[in-house]
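One structure is given here, and the rest of the page talks about it.
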Amino acid sequence: MNAQVTPAGTLVFQSTGEGETDRLAKELAKVLAPGDVVAFEGTLGAGKTRLVRGLASALNSDRAHVSSPTFGLVQHYDGDLPLVHIDAYRLSGEAEFERMGGAELFDLESITLIEWSERITGSLPRERWVIAARHTGATSREYTVGTTHRDAARRISDLRSRLARQ
């Protein structure tokens, strides 16, 4: 694992396997709060759903039930904090998301996780986490984590400190 903060204030996490991805999820779960929206970006198979599974596990949801909700669009998971898991892959864009009542899914008591968020960027809240996932090898991934929250510097610093402890 390699975690660093780029000059722009985003954290770049290099994962060489699922265990390290789970570790990122575990530490990220500790800095997320009710009402947070996490927008996942990346190509098919880049590790978005894997990171969602890790977050669900870290928040004491049954990760066995977590799958890409492509065919159902939205899934809800109970745990220490409720999770709303949205997959925007099949959506034609922001207008379709809005027609289906997408804005109502941003629950102030839950954490909302959105895969393929780049399809509905204009419908996302201004304050959000953005995680870009990309392949760097057969089992390795790079996750670039950023946030547009008012306290972005503190939250990224907190995540970086947590990841550096091991």
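The values are calculated or read from the model by the stated rules, or taken from the named source; none is laboratory data. Treat the numbers as computed from the prediction; the structure is a model and nothing was measured. Note that we place each Cβ from the backbone using ideal geometry, even for glycine, and neighbour counts take in every protein chain shown.
Below is a table of values for the structure above.
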quantity	calculated
Enumeration of residues in the range 140-165 that are outside any helix (DSSP H, G or I) and either at pLDDT 90 or above or in contact with a helix residue (DSSP H, G or I) (Cβ under 7 Å, 6 or more places away or on another chain) (or both)	140, 141, 142, 143, 144, 145, 146, 147, 148, 149
Residues being of a type in the set (S, T, N, Q) and under 19 Å from residue 76 (Cβ atoms) - total across the range 113-122	1
Residue that is modelled with the lowest pLDDT, among those in the range 23-68 that are farther than 16 Å from residue 130 by Cβ and among the polar types (S, T, N, Q)	68
Enumeration of residues in the range 90-119 that are under 15 Å from the mean Cα position of the chain (by Cα) and either aromatic (Phe, Trp, Tyr) or assigned to a loop (DSSP other than H, G, I, E, B) (or both)	106, 110, 116
Tally of residues being surrounded by fewer than 19 Cβ atoms within 10 Å (Cβ to Cβ) and either in contact with a Gly (Cβ under 6 Å, 6 or more places away or on another chain) or among the acidic types (Asp, Glu) (or both) across the range 80-110	8
